[in-house]
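Engineer: Got a structure for you, questions after.
What follows draws every value from the coordinates through simple rules; no lab data is involved. Just so you know, these numbers come straight off a predicted model, no measurement behind them. Glycine also receives a Cβ, built like all others from the backbone with ideal geometry; neighbour counts cover every protein chain displayed.
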2 protein chains.
Amino acid sequence: MHRGTGVGLAYDRGVPSTSAPPPATRGERKERTRRAILDAALRLCEDSSLVALSLRAVAKEVGIVPTAFYRHFTSIEDLGLELVDESFESLRAMLKEVRQAGATSLTEMIDGSVRILVEHVHAQREHFMFIARERGAGPLPVREAIRHEIELCERELAADLRRIPGMDPWSPEDVQVLSNLIVMAMVSTVESVLLAAPGSVAERRIAERARTQLRMVLVGALQWESRD
Amino acid sequence: MHRGTGVGLAYDRGVPSTSAPPPATRGERKERTRRAILDAALRLCEDSSLVALSLRAVAKEVGIVPTAFYRHFTSIEDLGLELVDESFESLRAMLKEVRQAGATSLTEMIDGSVRILVEHVHAQREHFMFIARERGAGPLPVREAIRHEIELCERELAADLRRIPGMDPWSPEDVQVLSNLIVMAMVSTVESVLLAAPGSVAERRIAERARTQLRMVLVGALQWESRD
DNA sequence: AAGTTCAGTGAACGTTCGTACACTCAAACT
DNA sequence: AGTTTGAGTGTACGAACGTTCACTGAACTT
């Protein structure tokens, strides 16, 4: 029984047109299926890992035949690299938001950053989960892509840190080291938040812990350097 | 062609007895195979992950038939939990060594700790690699076991921190938060060291970075608290 | 010496996997 | 109107998977 268009066909059944517009152009249909594949992979990665994810399982989740997968990606690894790009695109949006928050004090900046971070982990839970998973266990090219992106974040943060009053006397190397520390602390905070139930007390304690740690590092380190 | 004892038989071939003593008792033979399985799994995990590791691949690596695996472990996950125990046993030995180093100053303590850490990552490379991998991507029980062990390390470190002169006025909660920060920084340091070539400049820079970070956190945080 | 135990064997099972191939048929193009 | 294109289909294949089962034979127990 030939049904024609996989994902797309879902829109051809049931109520005629009120629930969702039937995709018109061929490009639209393709993009829709591509998205469905990416979403399905992201969903299936919640409790597995790319390296244990089968092309067939993704296809089944999407509702297409396995071979149709190849129309969009050459392999699971290829799909993974796309998900990395996508995840960090959303993460960059978050960092931009953090920067635009325009805090007047260090405490304000820290509180705002942590708040935005936790919010984004909820909003983009699947993306963060994917990155946290594949960062250490994904296919080598995926791991490298993630490491590269995090390194970029580290450098961007370092540039931001240099603009903080009181950081002027720091050497670029030390700022970079500080940035690395902060990024790693935030990575581990994200991992903790992902484990906690959204809105739970556990989560609030994790956020509070992150704020305290940032204060320890920033306020503390600022004084430490000025002591020398 | 029946060969009898898998791994054990390897010792029955070649030069009679000079290279390795043929295992005598049945318990010895079993233990030897068990070790071989654990080692093989550890080796195969260097570039995969437990969730993508097949019982058959392990058996082949060991040189036994797949079904013989069940004489030692009920599943790959079971094997994984054993590896977690084993890994943290060696890590605990390291922490003990760090504590016994008996440093007189904070700088001395930091330098000694980082040195011992890097040494142990080399000596137990496969174990650390395994933990770093499975920490985020292993089967759920394995992830939980690792998380629990790291939490224990965190608490032990917190107890040690409280003994540092100058930490007396700190609340137990803040010490715990500080400990979490340090442990997470060390976890990420280990991950970096695992990526660097042993003895390379990159590795020395990572060690130097870890020292600087510990100094920032410890010296800095000590002053921060006393300021309030 | 006879009997028991059990780590390791080997064949066989039902699944699932990635991938090759020939196909269809509506949208897009000429 | 006729042709081309290409996303999705259906079948088929060999390989690898976890697990079952009855087995063997050296190490042990009695």
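Engineer: Given Cβ point charges of +1 (Lys, Arg) and -1 (Asp, Glu) and nothing else, what value in debye, to the nearest 20, does the dipole of the range A:43-82 about its Cα centre take?
Structural biologist: 220
Engineer: Also, I was wondering about something else. Per-residue counts of other Cβ atoms within 10 Å, averaged by peptide: what ranking do you get for A:154-163, B:160-169, highest first?
Structural biologist: Ranked from most to least packed, the peptides come out as A:154-163, B:160-169.
Engineer: Taking every residue in A:73-81, how many Cβ atoms of other protein chains lie within 10 Å of its Cβ, on average?
Structural biologist: 0
Engineer: If each Cα of chain A is one equal point scatterer, what is log10 of I(q)/I(0) from the Debye formula at q = 0.18 Å⁻¹?
Structural biologist: The calculated log intensity ratios at q = 0.18 Å⁻¹ are -1.27.
Engineer: Give me the distance in nm between label points sitting 7 Å out from Cα along the Cα-to-Cβ direction at A:E82 and A:H122, one decimal.
Structural biologist: With each label point 7 Å from Cα toward Cβ, the separation is 3.0 nm.
Engineer: Let me ask something additional. In what order do A:T104, B:T107 fall by count of nearby beta-carbon atoms within 10 Å, going from fewest to most?
Structural biologist: A:T104, B:T107
Engineer: Shifting gears a bit: Let me know the charge dipole size of the protein assembly as shown about its Cα centre in debye, to the nearest 20, where only the beta-carbon of Lys, Arg (+1) and Asp, Glu (-1) is charged.
Structural biologist: Here the size comes out at about 1380 debye.
Engineer: State the answer as a single residue: which of A:A24, A:L55, A:F69 lies farthest towards the positive end of the charge dipole of the range A:18-71, with beta carbon charges of +1 for Lys and Arg and -1 for Asp and Glu, about the Cα centre.
Structural biologist: A:A24
Engineer: At 0.692 mPa s and 37 °C, plugging the Kirkwood radius over alpha-carbon pairs of the range A:18-71 into Stokes-Einstein gives what diffusion coefficient in µm²/s?
Structural biologist: It diffuses with D of about 273 µm²/s by this estimate.
Engineer: At q = 0.09, 0.11, 0.12 Å⁻¹, what log₁₀ I(q)/I(0) does the protein assembly as shown have when each alpha carbon counts as one equal point scatterer in the Debye sum?
Structural biologist: The calculated log intensity ratios at q = 0.09, 0.11, 0.12 Å⁻¹ are -0.71, -0.98, -1.11.
Engineer: From the Cα trace of the range A:52-93, what convex hull volume per residue do you get, rounded to a whole Å³?
Structural biologist: So the per-residue Cα hull volume is 79 Å³.
Engineer: Give the residue from B:H120, B:G102, A:L161 lying farthest towards the positive end of the charge dipole for the protein assembly as shown; charges sit on Cβ (+1 for Lys and Arg, -1 for Asp and Glu) and the dipole is referred to the Cα centre.
Structural biologist: Most positive-ward Cα: B:H120.
Engineer: Among B:F128, A:F130, what is the fewest-to-most ranking by other Cβ atoms within 10 Å?
Structural biologist: The most exposed by this proxy come first: B:F128, A:F130.
Engineer: A further question on this structure: For the range B:120-214, what does the alpha-carbon gyration tensor say about shape, rounded, prolate or oblate, given a ≥ b ≥ c as the root eigenvalues, a/c under 1.5 as rounded, and a/b over b/c as prolate?
Structural biologist: Because a/c hits 1.5 or more and a/b fails to exceed b/c, the range B:120-214 counts as oblate.
Engineer: Would you mind giving the mean number of other chain beta-carbons within 10 Å of the Cβ of each residue in A:38-50, as a whole number?
Structural biologist: Taking the mean over all residues of the peptide, I get 2.
Engineer: Report, ordered by chain and residue number, the lysines lying within cross-link reach of A:K60, taken as a straight Cα distance under 30 Å and ignoring same-chain residues fewer than 8 apart.
Structural biologist: Cross-link targets: A:K30.
Engineer: On average, how many beta carbons from a partner chain sit within 10 Å of the beta carbon of a residue in A:207-220?
Structural biologist: Per residue, the average neighbour count from other chains is 5.
Engineer: Sticking with this one: For a protection proxy built on the mean count of beta-carbon atoms within 10 angstrom, sort A:31-40, A:195-204, A:211-220 highest first, please.
Structural biologist: A:211-220, A:31-40, A:195-204
Engineer: So what is the relative contact order of the range A:18-71, in percent, for Cα pairs below 8 Å that sit 6 or more residues apart?
Structural biologist: Relative contact order for the range A:18-71 comes out at 27 percent.
Engineer: Using Cα-Cα distances under 8 Å and only pairs 6 or more residues apart, what relative contact order does chain A have, in percent?
Structural biologist: 17
Engineer: In whole angstrom, how far apart do the alpha carbon centroids of the range A:57-131 and the range B:150-170 sit?
Structural biologist: Each part's Cα centre sits 35 Å from the other's.
Engineer: Rounded to the nearest 0.05, what FRET efficiency is calculated for A:L195 and B:T25 with R0 set to 60 Å and r the Cβ-Cβ distance?
Structural biologist: Result of the calculation: an efficiency of 0.85.
Engineer: With helices defined as uninterrupted DSSP H runs, which ones in chain B have an alpha carbon span along their own long axis of at least 20 Å and mean Kyte-Doolittle hydropathy of at least -0.5?
Structural biologist: Membrane-span-like by this criterion, though nothing is claimed about a membrane: B:76-100, B:106-123, B:140-162, B:172-195, B:201-227.
Engineer: Here's something else I'd like to know. Give me B:H127, A:H148 sorted ascending by neighbouring Cβ count inside 10 Å, so fewest comes first.
Structural biologist: A:H148, B:H127
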